[in-house]
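Encoded as structure tokens, the structure appears first; notes follow it.
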Amino acid sequence: MEVVIQELIKFLSKNGVAVTNIFWILIIIIGISQIDNILLLLSKIYGLFASASTKANKNQISLKVRGTILKSVKKQGLHNTNIIPDDLKVVWVNEEACESFIDNQQVIVRIKQSTNPHENLIVAVSEYINSGLLYNVRRYLNQEVLDASKVLMTRKIIEQADTNSLTYLEEHYIMPKLDGNSELKELYEDLIRIDNNGMFVDIMLNEFNKAGMSLYKRLEDPELFAESKEFMRFLHNIASGVSTNAEDLKFNRDYFKVAIILSASNKTLNHAGITPFVNAVFRDLSDGIETIYIFGLGTKRDIAQQISEAIGNDYRIDRIIKHTYKHVNETGRRVPGVFFECCVYKDIETDHL
């Protein structure tokens, strides 16, 4: 962010923009980038008057809930993606059940205020996720997988927002919901395994969005319903260690054309360096794969970067996006990981026609 601001100041100065105007432009940019912290600060200010004013009390809670959720969304790497809208607005209503909706890329969360702060936060997050997650494409995807994804995403945001509310969420919402639905419970546990390997948001939901957008404003296709669940199983097999050979790390169907490269083999690296991995990427590209994810865990993070740099000049590669994550192993130990999303140049207008 600092580098961007410095370059912007240089650009504006060179083009004759007055210092005063530069100052106000920077204030606006910083305000937008720190909107979550500003909302939380305003919430504290309203809190000073909450005991004497019902309106101030509602504003305090609304701003805190909105700021908390936006901060958590930013930490989850969901900001500026099409996976979920970047913003929400809390509207207090008197009815128990009021439908939330999306207006101009903002989720309007309509909830009844509770005296329990955990309840307010959890209901707001649930409404935000249920209304906003993959809102443009959800009708094209397997609904059972999407339902489990909503539960996990709600948990992830609450976990980042408030650990005390997380306990309340699990005891009063997640556990009762899963205990009454064995299929949902199994899918949820599979998604946790996928998430522990960094593949839930930036791969599964990312690819769900891309596949769904290829049908956007068209009729649903039963093939995509099936493929989306199969793709989830594909990722789970990799996360659980079932799939290890090159062919098992490739999912090349009509809607999902994805390959995973795991730069973890010391034997291969010691014998031939990164060349076999680079050659594997080129083979995948020739086979019609459209997105390649190159993984590096712990000390292998530099190897993954070297591989991505080695293929970056290939004319078929449109862009490479770096993602960082924390790998969680069976004992709960967290290991820093990285993967590079290598996207193939596509003619969008002819896709799936």
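The values are calculated or read from the model by the stated rules, or taken from the named source; none is laboratory data. A quick note: this is a predicted structure, and the numbers were derived from the prediction, not measured. Don't worry about glycine lacking a Cβ; one is built from the backbone with ideal geometry, like all the others, and counts go over all protein chains shown. SASA here: full protein model, heavy atoms, side chains in, ligands and nucleic acids out. Shrake-Rupley method; radii C 1.70, N 1.55, O 1.52, S 1.80 Å.
Give, as a single signed number, the net charge of other residues whose beta carbon lies under 12 Å from the beta carbon of Glu220, with Lys and Arg counted +1 and Asp and Glu -1. Within the 12 Å Cβ shell, the charges total +2.
Per-residue 3J(HN,Hα) values for the stretch 143-148, derived from phi via the Karplus relation 6.51 cos²θ - 1.76 cosθ + 1.60 with θ = phi - 60°, read 6, 5, 5, 5, 4, 5 Hz in sequence order (x marks Gly and Pro). Taking the Cα centre of the chain as origin and assigning +1 to Lys and Arg Cβ atoms and -1 to Asp and Glu Cβ atoms, the resulting dipole is close to 1220 debye. For the chain, the relative contact order comes to 10 percent (Cα pairs under 8 Å, sequence separation of at least 6). Surface composition of the chain: carbon and sulfur make up 51 percent of the accessible area, probe 1.4 Å.
In the chain the longest region clear of trypsin sites (Lys or Arg not before Pro) that are loop-assigned by DSSP and have at most 13 other C-beta atoms within 10 Å covers 1-216. Report for the chain the percent antiparallel among DSSP-assigned beta bridges with both residues inside it, nearest 5. For the chain, the DSSP antiparallel bridge percentage is about 65. Each of the GluC sites (Glu not before Pro) that DSSP puts in a loop and that has at most 16 other Cβ atoms within 10 Å breaks the chain; the longest unbroken stretch is 100-219. Projecting the Cα positions of Pro222, Ser53, Ile320 onto the charge dipole of the chain (unit charges on Cβ atoms of Lys, Arg, Asp and Glu, taken about the Cα centre) puts Ser53 furthest along the positive direction. Would you mind checking the tilt of helix 301-311 against the longest principal axis of the Cα atoms of the chain, expressed as 0 to 90 degrees and rounded to 10? Its long axis makes an angle of about 60 degrees. If only the Cβ of Lys and Arg carry +1 and only the Cβ of Asp and Glu carry -1, the dipole of the stretch 47-123 around its Cα centre is close to 360 debye. The stretch 191-213 and the stretch 220-242 have Cα centres separated by 10 Å.
When the Cα centres of the stretch 290-335 and the stretch 140-169 are compared, how far apart do they sit, in Å? Spelled out, the Cα-based centre of one part sits 26 Å from the other. Test of understanding: given the chain, find the longest segment containing no chymotrypsin sites (Phe, Trp or Tyr not before Pro) that are in a DSSP loop and have at most 15 other Cβ atoms within 10 Å. No qualifying site falls inside 50-215, the longest such stretch. Beyond 28 Å in Cα-Cα separation lie the following of the pairs Lys44/Lys210; Lys217/Lys322; Lys177/Lys229; Lys150/Lys322; Lys89/Lys185: Lys44/Lys210; Lys217/Lys322; Lys89/Lys185. Net charge dipole, the stretch 235-343: roughly 380 debye, given to the nearest 20, about the Cα centre with Cβ charges of +1 for Lys and Arg and -1 for Asp and Glu.
Taken per residue, the accessible surface of the stretch 71-139 reaches 48 Å², heavy atoms only and a 1.4 Å probe. Which of Asp195, Asp86, Asp254 moves the most in a Gaussian network model of the chain with Cα springs under 10 Å? Top of the fluctuation ranking is Asp254.
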